[in-house]
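In what follows, a single structure is set out as structure tokens and then discussed.
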Amino acid sequence: MAEGAETFSLREVLVAFTACVSEQREVRVDPYLAGWKGLVRFLNCLGTIFSFISKDAVTKIEIIENYRNSDQREKYLTVQSMVEYELANGLVDLQKRSDSGCRTLLRLHRALHWLQMFLEGLRTGKDNSKTSVICSETYNASLANYHPWIIRKAAGVAFCALPTRNTFLETMNVGTAEEAVAMLGDALPYICEVYKITEELYAQHKLLDLP
Ligand SMILES: CCCCCCCCCCCCC/C=C/[C@@H](O)[C@H](COP(=O)(O)O)NC(=O)CCCCCCCCCCCCCCC
């Protein structure tokens, strides 16, 4: 386990996702990115074998953060206002890869689906289950569908480095494994809600297949 893991609790990270949804059921970009940044920090604690994954996530987080720090920052306050602004101004390329906020956030959104499934697998798994198995099964059922063979292969190799479920739960620094499971049960509905709202918004604007 890399240095730093012992001082870092996943509770605050998952709490960031509880602050994402506004009263108008909009998804706030800042806590969304804060949640992802915390997850990346956690991933870095798991070892350098995961760096290629965290680097990609960081690149995407920074693209959106740059919009939040630009003159147009107000347009990127929520996922809803971002979609509206980018579509109205022709900033979303439907044909080829671009750095639009919409396509960038879509990559994180798809990863959030994996996270939701992975955390649920972790929560409901048996004491002696293998995190690597939970991780690869949920990855294959979600995110892998969007990744080329080489990335899937590299991800599969990295997953083998994951500790057992109980050690993994303890690494989260939330307390005992039972307390970590309880915290996951509390946090998951919020993550699911963020995912659901974003999914509906992207579907409504036919943005779910952005290249
Ligand atoms: C706990 C183990 C964590 C394993 C992470 C599982 C997810 C595996 C993702 C593999 C991504 C490999 C890197 C490259 C990806 C890109 O090709 C690909 C497409 O991008 P492009 O369209 O710009 O080309 N990018 C993506 O799909 C975005 C991936 C973002 C992944 C972020 C994953 C962060 C995981 C944080 C884990 C924390 C676990 C917490 C558990 C309590």
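The values are calculated or read from the model by the stated rules, or taken from the named source; none is laboratory data. All of these numbers come straight from a predicted model, not from anything done at the bench. A quick note on method: Cβ atoms are made from the backbone with ideal geometry, for glycine too, and the neighbour counts reach across all protein chains shown. The protein model used for the area step is the full one, side chains on, heavy atoms only, and it has no ligands, DNA or RNA in it. Shrake-Rupley method; radii C 1.70, N 1.55, O 1.52, S 1.80 Å.
Helices in the chain, meaning DSSP H runs of at least 4 residues, each add -39500 (n - 2.57). Divided by all residues, the mean residue ellipticity at 222 nm is -21000 deg cm²/dmol.
If a/c stays under 1.5 just call it rounded; otherwise compare a/b with b/c (prolate if a/b is bigger, oblate if not). Do that for segment 110-211, with a ≥ b ≥ c from the square roots of the Cα gyration tensor eigenvalues.
Details: a/c = 3.12, a/b = 1.33, b/c = 2.35.
Since a/c reaches 1.5 but b/c is at least a/b, the shape of segment 110-211 is classed as oblate.
The distance from the alpha carbon centre of segment 26-75 to that of segment 88-106 is 17 Å, rounded to a whole number.
Not counting the cut sites, what is the longest span of the chain without GluC sites (Glu not before Pro) that DSSP labels loop and that have at most 10 other Cβ atoms within 10 Å? For GluC sites (Glu not before Pro) (loop position, at most 10 other Cβ atoms within 10 Å), the longest site-free span of the chain is 24-211. By the gyration tensor of its Cα atoms, with a ≥ b ≥ c the square roots of the eigenvalues, what is the shape of segment 59-181: rounded for a/c under 1.5, prolate for a/b over b/c, or oblate? Prolate, because a/c is 1.5 or more and a/b exceeds b/c.
Along its first, second and third principal axes, ordered by size, the chain spans 52, 39, 29 Å in Cα coordinates. For the set Ile134, Ile150, Ile191, the ranking by accessible area, highest first and with no ligand, DNA or RNA atoms included, is Ile150, Ile134, Ile191 under a 1.4 Å probe. Helix 79-88 and the long axis of the chain differ in direction by around 30°, with both axes built from C-alpha atoms. Going by alpha carbons, how many degrees (0 to 90, nearest 10) lie between the helix axis of 29-45 and the longest principal axis of the chain? Taking Cα atoms only, the helix is inclined about 30 degrees.
Largest accessible area first, the residues Cys135, Cys160, Cys192 order themselves as Cys160, Cys192, Cys135 under a 1.4 Å probe with ligands, DNA and RNA left out.
Placing Trp36, Trp114, Trp149 in order of accessible area, with the largest value first and a 1.4 Å probe, yields Trp149, Trp114, Trp36. Structure note, pairs Lys37/Lys75; Lys96/Lys196; Lys130/Lys196; Lys37/Lys196; Lys60/Lys96; Lys55/Lys196: Cα-Cα distances above 23 angstrom occur for Lys96/Lys196; Lys130/Lys196; Lys55/Lys196.
Relative contact order of segment 11-83, please, whole-number percent, based on alpha carbon pairs below 8 angstrom and at least 6 residues apart.
Numbers: 62 pairs, mean separation 22.3, N = 73.
The normalised contact order for segment 11-83 reaches 30 percent.
Note on the chain: GNM, Cα springs under 10 Å; of Ala154, Ala182, Ala88, the largest mean-square fluctuation is that of Ala88.
Axis angle, to the nearest 10 degrees, between helix 177-204 and the longest C-alpha principal axis of the chain: 20 degrees.
What longest region of the chain stays clear of trypsin sites (Lys or Arg not before Pro) that DSSP places outside H, G, I, E and B and that have at most 10 other Cβ atoms within 10 Å?
Values: sites that count: Lys96, Arg97, Lys126, Lys206.
Segment 1-95 is the longest.
At the residue level, Asp127 shows approximately 100 square angstrom of accessible surface with a 1.4 angstrom probe and all protein chains present.
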